[in-house]
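Following: one structure in structure tokens, then a few remarks.
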Amino acid sequence: MRLEKLIQELERQKPLKWDKKLNSSQIEIALDENRPVLQIEGENSFFIAKPCHNQIAEKLEIPLKYYHKMEDEAPELLTENVNTWLQRMNKDFFIRGLGESARAFLSDRYRVIDHLDVLYCSLNELQAHEAEIEDCFLSETEMNIKVKSQRLRDFVRHKDDLIMGGLFLTNSETGHKALRVEPRLFRVKCSKRRYGVTARTIARSSKKR
């Protein structure tokens, strides 16, 4: 994904995002055309994203395989199980949503760090150090940004064996990953082809993703 497209998508999502801190007694699962939906304070109902389903199962200590089996084969049983445990817990949760969808079911102590804030803060620093965004990735659960710097470059063995430095930034708005900044190395190898020389860049993360 190009940087411009990432910014456009995050700006589009910004007014659609919502957060609610609620006691478990204010939350329940209902059925809408035999599909489980999250009902808040007995009024508003929201589609439940798959990662959110997984977090509900985790927070209520329901085995994930059994949770999804109920979801697929016995949604009435799923609502009964989830609602029973929610009422018994008397615990606060933090729910994150996007439009008509509930996308995260989190602890009430969850600290919000949004993608757009991370991106704009990063761009300010990267521009000051002559670095550039090589690639971006955005999913329901995370944002990844690959950065390379023209200033961080050296030769491994000889002038045709060039390495470049960079960064790998990761953030999640749904509690699936922590905000991380990791160093990266690029090794540029040149290979001759029929119509000239082309550069092949091999990007490596210092840690396994």
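Cβ-Cβ distance of residue 77 and residue 25, R₀ of 22 Å, FRET efficiency by 1/(1 + (r/R0)^6): the value works out to about 0.55. Taking amide H positions as modeled 1.01 Å from N, with prolines and chain starts lacking one, the residues under 5 Å from residue 177 and 5 or more places away or on another chain are 172. Evaluated on segment 17-154, the Kirkwood hydrodynamic radius is 17.1 Å, with distances taken between all distinct Cα atoms. Database remark: amide H of residue 17 closer than 5 angstrom to the amide H of 99 (H placed geometrically; neighbours at sequence offset of 5 or more, or on other chains; Pro and chain starts carry no H). Extending 7 Å from Cα along the Cβ direction at residue 179 and again at residue 88 yields two label points whose distance is 3.8 nm.
With Cα atoms as the point set, segment 29-109 shows a radius of gyration and Dmax of 11.7, 34 Å. Suppose each label sits 7 Å from its Cα in the direction of the beta carbon; what would the residue 69-residue 7 distance come out to in nanometres? The modelled label-to-label distance comes out at 5.0 nm.
None of the figures in this text is laboratory data; all of them are computed from the coordinates on show. Treat the numbers as computed from the prediction; the structure is a model and nothing was measured. Quick reminder, even Gly has a Cβ in these numbers, built from the backbone with ideal geometry, and neighbours come from all protein chains shown.
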